[in-house]
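Nothing in this text is a laboratory measurement; each read-out follows from the coordinates by a stated rule. Being a predicted model, the structure only gives us computed values, none of them experimental. When we count neighbours, we look across all protein chains shown, and the Cβ atoms used for this are built from the backbone with ideal geometry, even at glycine.
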Amino acid sequence: MNEKLQQLLSLDVSEYTEKKGNLTYLSWASAWREFIKVYPEATYTVKKDENGQCWFGNPENGYMVYTTVTADELTHEMWLPVMDNRNKSMMKPDSFAINKTVMRCLTKNLAIFGLGLYIYQGSDLPEAGEPTELDRLTLKNKEIYFKLREKLGQESLDEAIKMNINAVTGIMKSGDESRITELHDILTDVEV
């Protein structure tokens, strides 16, 4: 496993978190400070439209913001809906809500690299030592997802997922060990 990924996965950032309701939030400033200790050359961007607005959506469906983080030639994009203090989509967000969501999105983006990822898994602290097989699979699946999304585009990827989800579910429910093993091999060996 990549040494920097291991370092971020095992980093305890709990002293920089606060609880709001049943959710734990990591301070964006603390998250960025800890992240650049591992990746000092890292950069992030906030996606903006041609008018310089960093929120996308409409008053009927709500709004989203997007960030991109690049570290050691690895780039991940993340998105987050603009929400109120009850975690419900805001149909008419103000600039404060948008700004707060952008910074939460950045923090979530850093978690894709491993920093505070355990918070999104519902754990209080990172597990010491080597990441579990589930941790490795989760990160691998996310890498595959982002590569496919970059190549196909979100709409095409969504359509492909819908078309294949029933087939995969059928194989998993069948209990046929050879088909499940074959599916596992295909999914773990996929090159994107």
Once label points are set 7 Å from the Cα along Cα→Cβ at both GLN121 and ASP94, what is their separation, rounded to one decimal in nm? 3.9
If I model a spin label as a point 7 Å beyond the Cα along the Cα-Cβ vector, how far apart are those points for GLU15 and LYS48 in nm? 3.6
What's the long-distance tail for the range 1-95, i.e. % of Cα pairs beyond 21 Å? 48
Where does each of TRP79, TRP28, TRP55 land when they are ranked from fewest to most other beta-carbon atoms within 10 angstrom? TRP79, TRP28, TRP55
Sparse-neighbour loop sites [GluC sites (Glu not before Pro); the range 1-109; at most 14 other C-beta within 10 Å; DSSP]: GLU41, GLU50, GLU60, GLU73
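Could you size up the charge dipole of the range 3-129 around its Cα centre, putting +1 on the beta carbon of Lys and Arg and -1 on that of Asp and Glu, and report it in debye to the nearest 20? All intermediate terms of the calculation are to be shown ahead of the outcome.
Values: 13 positive and 16 negative charges, 96 e Å.
Dipole of the range 3-129, to the nearest 20 debye: 460 debye.
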Pop the C-beta distance of GLU60 and LEU23 into the FRET formula with R0 = 25 Å and round what comes out to the nearest 0.05. 0.45
ILE36 paired with ASN2, simple spin-label distance in nm, labels 7 Å along Cα-to-beta-carbon: 2.0
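Starting with the fewest neighbours, write out THR68, THR43 ranked by other beta-carbon atoms found within 10 Å of each beta-carbon. Kindly include the intermediate steps, with their values, before the conclusion.
Working: THR68 15, THR43 11.
Lowest to highest Cβ neighbour count: THR43, THR68.
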